[in-house]
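Here's the structure we're looking at; comments come further down.
The values are calculated or read from the model by the stated rules, or taken from the named source; none is laboratory data. Since the structure is predicted, the reported quantities are computational estimates derived from the model, not experimental observations. Neighbour counts run over all protein chains shown; Cβ positions are idealised from the backbone, glycine included. Accessible surface is based on the protein model in full, side chains and every heavy atom, while ligands, DNA and RNA are left aside. Shrake-Rupley method; radii C 1.70, N 1.55, O 1.52, S 1.80 Å.
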Amino acid sequence: MRMALWQHPKRKTLRRVYINGMPGVPRENKLYFEPIGRSRIGIRLVAGDWHEHALEQLFEAGILDSAADLAGMSLEDVVEASEKEPAAPPPARATRGPAHRDAEVAALDPRTIPVPDPVTIRVDHREPPELFDALAGIPNVEIERAELPMGDIEINGSIVIERKSCRGNSDGHTDFEASVIGEDKRLFTQSEKMRLAEGCLPIFILEGEPHQSQQAMTPQQVDGAISFLVTVQRLNVITTYSVHHTAYVLVKLATHDRSGLGYVPPLRGKKPAGQKERLAFVLEGLPGLSGAFAQRIASQYDTLADIVNASDEELLSIEGIGPKRLADMRRVLGGG
């Protein structure tokens, strides 16, 4: 983005600073600053439909701190601000990879999860002490040590979780591995019991990397066991890094189950900058209007009010707008 000071060759009072190469603005659009009145102090930005977008870019580039700055600036001030050395970029994040991700997961703290409504997590008394310690003392989270008839963990009385460690035991086999190839083959009986249970959401948590730590199972056998749980038994499978990470996931599951996501996710992507593009963006949300139709309507009107107040005859004259599509639009917009 470059600033160019321009002065009319004959009219000395006619001066502007043109903005060239602003990201996101087509080259044919002219953006410039001009003085307000005859004083050298006090300027305004002329950008048409791109006014708000241009201000955002100028703020981001550090040329303006706020739109109010323009009242105390001259054209020379704008040029000078654009020529300043840009601020140093923030230091690059550490190289991503397994070690970096391990550190990220280790830093997760279940106590940082907002729990707006009380939840209950019942943990079988045979589970490791580290799991109880990681869950202790979290506001609105009641932890109960119990002897569960099914699974290792129960959340809010409706989610049943079987936790399988994928890390080696004293005999060299992991809990997950032993449950698949051991004499009792308990993974199959446990999953069948969970599959047949009514009124619960069954989940298997595989704690640790299920492929790397197995001593007597090939990768194909690991994949087969997971595929069996998902496709045959119709169970949910979640992987975690460690007992600490499992505790974090348990609090997250309990909170989502009781309170939902906690916010309404946006249904659409980033909003466009230009006025016509914004109008088309709004129209595209109407029933029966594709992006092409929305742009076609926006090309003929300036605001949503203009469309609402347009007659049926005017709207029907637009290619592709028929009585049914018009009726669908009117149900939402009204007017006519």
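Brief remarks on what is shown
- The set of residues in the stretch 152-164 being open to solvent by 20 Å² or more (accessible area, probe 1.4 Å) and part of a strand (DSSP E or B) consists of E154, R163.
- Screening S179 with (1) open to solvent by less than 20 Å² (accessible area, probe 1.4 Å); (2) part of a loop (DSSP other than H, G, I, E, B) gives one miss only, at (2).
- On the stretch given as the stretch 141-171, residues that are touching a residue at least 24 places away in the same chain (Cβ under 8 Å) and of a type in the set (S, T, N, Q) total 3.
- Selection of strands (runs of 3 or more DSSP E) fully inside the stretch 1-93 by the criterion of at least 2 residues being open to solvent by 70 Å² or more (accessible area, probe 1.4 Å), touching a strand residue (DSSP E or B) at 6+ places or on another chain (Cβ under 9 Å) and not hydroxyl-bearing (S, T, Y) returns 2-7.
- For the stretch 135-151, filtering for residues that are open to solvent by less than 20 Å² (accessible area, probe 1.4 Å) and more than 15 Å from A254 (Cα to Cα) leaves 3.
- Qualifying residue in the stretch 290-304 (condition: of a type in the set (D, E, K, R), part of a loop (DSSP other than H, G, I, E, B), without any contact (Cβ under 8 Å) to a residue 60 or more places away in the chain and in contact with a Leu (Cβ under 8 Å, 6 or more places away or on another chain)): yes
- Candidates are the residues of the stretch 298-336 that are surrounded by 13 or more Cβ atoms within 10 Å (Cβ to Cβ) and at positive phi; the one that is farthest from the chain's Cα centre (by Cα) is G336.
- The combined condition, being assigned to a strand (DSSP E or B) and open to solvent by less than 60 Å² (accessible area, probe 1.4 Å), is not fulfilled by V249.
- Scanning the stretch 204-218 for residues that are open to solvent by less than 40 Å² (accessible area, probe 1.4 Å) and part of a loop (DSSP other than H, G, I, E, B) returns G208, P210, S213, Q214, M217.
- When the stretch 252-297 is limited to residues that are touching a Gly at 6+ places or on another chain (Cβ under 9 Å), surrounded by fewer than 14 Cβ atoms within 10 Å (Cβ to Cβ) and of a type in the set (A, V, I, L, M, F, W, C), the one that is modelled with the lowest pLDDT turns out to be L267.
- For H100, the conditions (1) modelled with pLDDT of 85 or more; (2) of a type outside the set (S, T, N, Q); (3) assigned to a helix (DSSP H, G or I); (4) open to solvent by less than 50 Å² (accessible area, probe 1.4 Å) all hold with the exception of (1).
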